[in-house]
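Everything below concerns the one structure shown next.
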């Protein structure tokens, strides 16, 4: 059993010594709780009601409905970084582009950025799809065109007042005579051989024929390195040979030969 030693005349008990500090802390906590309560009341829109009604079941239910309505309305507006989810091929740069190029005006400025109406983005996506327009490719085209015009303007400014060319004095009689043109039948035979080769090696998976007379390799950056090298070389050479032959035929007959990459028997079935 312990022995309690009474404090000396100059010693103050601990509970009495810290009592003022405890009371001050309690008052501060109560003040902060009241402040938090007021903030919550403002958030749910009941701060003007009497205190006993501010957090009633009815008031909170009303606040929940208002919040859900606001959330639904807010969900109809899309950040610039999320445009690609509703406009195929878009990225963070697309917002400024569609405002300038298509006059897209159903948007709200929020600080340095914009919010875009989701339904109108989907509508624009449908309109571009109907016209077979890839928004990313179109942006690249417009930027490339603008860059080219900028370079032309800079060149004209730099060469202002200067003659576009200068032929050295005494330079003349450097020419050649035309060579005999080949028989068009030879070129057509070469094109017929190329068409057979196209089907033989199933090149339709790797080659596009534009306007029925110009061949180009299909290109997807992420898959390019995985195509069999021999197949890739064969397809590239085929495109070069086909375009070369068709251009030669055009120089002689003023007309290219069309090639629809579907076999005759398959065309009959269609």
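Coordinate-derived values only; no laboratory data. The structure presented is a predicted model; accordingly, all values stated were derived computationally and were not measured. Here the Cβ is made from the backbone with ideal geometry for all residues, glycine too, and neighbour counts use every protein chain on show.
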Report the FRET efficiency, 1/(1 + (r/R0)^6), for residue 218 and residue 174, where r is their Cβ-Cβ distance and R0 is 35 Å, rounded to 0.05. 0.25
So for the range 115-270, averaging the separation of alpha carbon pairs under 8 Å that are six or more residues apart and normalising by length, what relative contact order in percent results? 21 percent
In nm, to one decimal, how far is the residue 30 label point from the residue 195 one, both placed 7 Å along Cα→Cβ? 9.8 nm
Sort 80, 228, 197, 240 so the one with the fewest other Cβ atoms within 10 Å of its own Cβ comes first. 228, 240, 197, 80
Mean separation of Cα contacts under 8 Å (at least 6 apart) over the residue count of the range 77-137, i.e. the relative contact order in percent, is 40 percent
One finds, for residue 58 and residue 119 with R0 = 30 angstrom and r their Cβ-Cβ distance, a FRET efficiency to the nearest 0.05 of 0.35
Theoretical gain in end-to-end length, residue 141 to residue 230 [0.36 nm per residue, Cα-Cα removed]: 28.8 nm
What's the ranking of 169-177, 188-196 by average number of surrounding C-beta atoms within 10 Å, highest first? 188-196, 169-177
Mean separation of Cα pairs under 8 Å and 6+ residues apart, divided by the residue count of the range 184-269: what relative contact order is that in percent? 38 percent
Assign one of three labels to the range 77-137, namely rounded, prolate or oblate, based on the Cα gyration tensor with a ≥ b ≥ c the square roots of its eigenvalues; rounded applies when a/c is under 1.5, prolate when it is not and a/b is larger than b/c, and oblate otherwise. prolate
